[in-house]
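J.: One structure, as structure tokens, below. Some questions next.
The values are calculated or read from the model by the stated rules, or taken from the named source; none is laboratory data. Model, not experiment: these values are computed from the prediction. Cβ placement follows ideal geometry from the backbone for every residue including glycine, while neighbour counts extend to all protein chains displayed.
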Amino acid sequence: MNSSSDTRKPKKLNRPGITTLFRSYFLRHIQVFFYSLGQLSRAPVSTLMTCMVIGIALALPMGLHTLLNNAQQLSGGWESTAQISVFLHKKITPSQAQNLKSDIQNWPDVISVHYISRERALKEFQALSGFGDALKALNTNPLPSVLIVKPKLSKENEQATQKLLSKLRNLKQTDKAQLDMQWVRRLYAIMSIVERGVLILGFLLALAVLLVVGNTIRLAIQNRRKEIVVMKLIGGTDGFIRRPFLYTGFWYGLFGGLIAWVLVSFTILSISAPIEKLTTLYQNQFELSGMSFLTTLSLLSISIILGLVGSWFAVGRHLREIEPQ
Amino acid sequence: MIRFVNASKRYSSGFDALQNVSFHMEPGEMAFLTGHSGAGKSSLLKLIALLERSSRGQVIVNNQNLTKVPRRRIPYFRRNIGIIFQDHQLLFDRTVYDNVALPLIIAGFSHKDIGKRVRAALDKVGLLSKEKKYPITLSGGEQQRVGIARAVVNKPPLILADEPTGNLDPELSAEIMGLFQDFSDVGVTVLVATHDIALISELPYRTLTLKDGKLVNDSQPSL
């Protein structure tokens, strides 16, 4: 016997010490963590089926979300090509036009201004339109000089763009100013509807995941009814009995999330080639982006949380019903 | 150790399982609880283990008034009672060792302590060589001894046994009773519910007799 234990007050033999309790509590968690995994691996088919259901339910909104992100990125590219064409009166001289150009360049809400002189406009028109010979027959250049104004755009300050347009229209040098943005606006409107739809779909499917996990855990509890009774008889706390089921929910969530990730990544991979082809046809360089690290992380955390919450509800509801008789 | 003061138990069906039962057991005492089936033996044990609560009167176990133990404290209270069942209540998907270790795992003992205590308990009931077996491969008497090992592994001050010899032949029954006597000798309070009158009559212990929920006889052994 060592001397230090002599000086302590006699401890009860029947109970482990507080440090032992902490250590074995921690160890117990790790043990149950792997034990619940082992339990799942003993029934691989049903485990896989449950995880697949969770995975598919999560992959649907996640995949749509990723596609939507891509669409937004793509339309962001279009947005930057949106421009206001300001046709100047024919009497405006090139130097006046240059002055105006540098004026407008200093406005807020304007990214850049590009000046196309009447001569260049004519040349371009001749080259591109196929009316070259007909134009040569004309004595005078029918084309006005143009300022191409690139506005700063975003969904939020559409009004700012409109304001800029009317400001340009009201310039005395302006003959006509045109903004062809209607379709981009419509696209935004459609996308915000789709966005909301994805959100609602995601919410409903998250609820479905909760129910799937809850139901699976409920069955697991019923299968292990006897074990729960014995645990209660020999002094197992609710927390102790609950723990393996919560970890089971955790594993369902994790595996379901991983399956969802694989499904979404695979889908994106398989449609990226045709999409690239499509965008090249539109002379647009665009690469379909997959799920970012952050998105992946949030997908996995959401699905783990859903697994835990689902099993928590199931255990909370059904554990009390099982009492030793 | 156990004190009943006018304790009654009425189930929600209106059935009076126990009526005005009063008795007292000293620490380290061993006693039999007997009576015809339905007389209230199981109900009395359930009150002690807090599987049920008394409808009226007091039940005091280990200096705790059981009416005052809140639900969340019940697990901790039960850890001080070793309960033995007629049907063993063993888990068949675990080895004998794991079954016996369960109360220690629940109480949070260290891995090393668990090994020592489980082997000591199994040694006590003579099953040390079978620790790696599954309960289903054991005989009825052996299964009951595993149940006993699990009940005592935690060294509880009180052991309750509900018809522990119900399915066993007289020889095995005597063996099991011998184990209870040993525990009693080292200061454990033992209460055994049984209707095996022949067995009781051979052993010099106090006998509490229930009839229709009433304590009709409390006889000390005639020595």
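J.: Just to be sure, is A:Phe255 surrounded by 14 or more Cβ atoms within 10 Å (Cβ to Cβ), assigned to a helix (DSSP H, G or I) and more than 14 Å from chain B (Cβ to nearest Cβ)?
T.: yes
J.: Among the residues of segment B:197-213, is there at least one that is more than 14 Å from chain A (Cβ to nearest Cβ), closer than 30 Å to A:Phe240 by Cβ, part of a helix (DSSP H, G or I) and β-branched (Val, Ile, Thr)?
T.: No, there is no match, as no residue in segment B:197-213 is more than 14 Å from chain A (Cβ to nearest Cβ), closer than 30 Å to A:Phe240 by Cβ, part of a helix (DSSP H, G or I) and β-branched (Val, Ile, Thr).
J.: Of everything in segment A:85-101, what is within 15 Å of A:Ser112 (Cβ to Cβ), touching a residue at least 60 places away in the same chain (Cβ under 8 Å) and part of a helix (DSSP H, G or I)? Give them in sequence order.
T.: The one that is within 15 Å of A:Ser112 (Cβ to Cβ), touching a residue at least 60 places away in the same chain (Cβ under 8 Å) and part of a helix (DSSP H, G or I): A:Leu100.
J.: Within segment A:25-74, track down each residue that is within 20 Å of A:Leu258 (Cα to Cα), touching a residue at least 40 places away in the same chain (Cβ under 8 Å) and β-branched (Val, Ile, Thr).
T.: A:Thr47, A:Thr50, A:Val53, A:Ile54, A:Ile56, A:Thr66
J.: Between a first residue in segment B:24-51 that is more than 13 Å from every other protein chain (Cβ to nearest Cβ) and of a type in the set (S, T, N, Q) and a second residue that is assigned to a loop (DSSP other than H, G, I, E, B) and crowded, with 21+ Cβ neighbours inside 10 Å, which pairs have beta carbons less than 7 Å apart while being 6 or more apart in sequence or on different chains?
T.: B:Thr34/B:Thr194
J.: So is B:Ser110 within 14 Å of chain A (Cβ to nearest Cβ), without any contact (Cβ under 8 Å) to a residue 12 or more places away in the chain, surrounded by fewer than 19 Cβ atoms within 10 Å (Cβ to Cβ) and not charged (D, E, K, R) or not?
T.: Yes; evaluated as a whole, the condition is true for this residue.
Listed here are the residues, each with its yes/no results for (1) in a helix (DSSP H, G or I); (2) in contact with a Leu (Cβ under 8 Å, 6 or more places away or on another chain); (3) within 26 Å of B:Lys41 (Cα to Cα).
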residue: B:Leu122; (1), (2), (3): yes, yes, no
residue: B:Gly147; (1), (2), (3): yes, yes, yes
residue: B:Leu160; (1), (2), (3): no, yes, yes
residue: B:Leu168; (1), (2), (3): no, no, yes
residue: B:Leu172; (1), (2), (3): yes, no, yes
residue: B:Glu175; (1), (2), (3): yes, no, yes
residue: B:Gly178; (1), (2), (3): yes, no, yes
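J.: I need the full set of residues from segment B:74-107 which are within 25 Å of B:Pro27 (Cα to Cα), more than 9 Å from every other protein chain (Cβ to nearest Cβ) and aliphatic (A, V, I, L, M), in order please.
T.: Matches in segment B:74-107: B:Ile84, B:Val100.
J.: When only residues in segment A:151-192 that are among the β-branched types (Val, Ile, Thr) and either closer than 16 Å to A:Val86 by Cβ or surrounded by 15 or more Cβ atoms within 10 Å (Cβ to Cβ) (or both) count, which is modelled with the highest pLDDT?
T.: A:Thr174
J.: Looking at the structure I just gave you, is A:Glu287 at pLDDT below 90 and under 17 Å from the mean Cα position of the chain (by Cα)?
T.: yes
J.: Taking segment B:127-145, which residues are touching a helix residue (DSSP H, G or I) at 6+ places or on another chain (Cβ under 7 Å) and part of a loop (DSSP other than H, G, I, E, B)?
T.: B:Leu127, B:Glu131, B:Lys132, B:Lys133, B:Leu138
J.: In this structure, is A:Glu276 more than 28 Å from A:Phe255 (Cα to Cα), in a loop (DSSP other than H, G, I, E, B) and in the same structural domain as A:Asn215 (by TED's automatic domain parsing)?
T.: The answer is no for A:Glu276.
J.: With the requirement that a residue be closer than 28 Å to A:Leu207 by Cα, in a helix (DSSP H, G or I) and either among the hydroxyl-bearing types (Ser, Thr, Tyr) or within 14 Å of chain B (Cβ to nearest Cβ) (or both), what does segment A:279-315 give you?
T.: A:Thr295, A:Thr296, A:Ser298, A:Ser301, A:Ser303, A:Ser311, listed by residue number.
J.: Here's something else I'd like to know. Out of all the residues in segment B:113-125, which are surrounded by 19 or more Cβ atoms within 10 Å (Cβ to Cβ), under 25 Å from A:Gln31 (Cα atoms) and within 20 Å of the chain's Cα centre (by Cα)?
T.: B:Arg117, B:Val118, B:Ala121, B:Leu122, listed by residue number.
J.: When you go through (1) crowded, with 17+ Cβ neighbours inside 10 Å; (2) of a type outside the set (Phe, Trp, Tyr); (3) touching a Lys or Arg at 6+ places or on another chain (Cβ under 7 Å); (4) away from chain A (no Cβ under 14 Å) one by one for B:Leu128, which number turns out not to apply?
T.: Answer for B:Leu128: the failing condition is (1).
J.: Just for strands (runs of 3 or more DSSP E) wholly inside segment B:1-110: which have at least 2 residues that are hydrophobic (A, V, I, L, M, F, W, C) and out of contact with any Pro (no Cβ under 9 Å at 6 or more places or on another chain)?
T.: B:2-10, B:16-25, B:30-34, B:56-61
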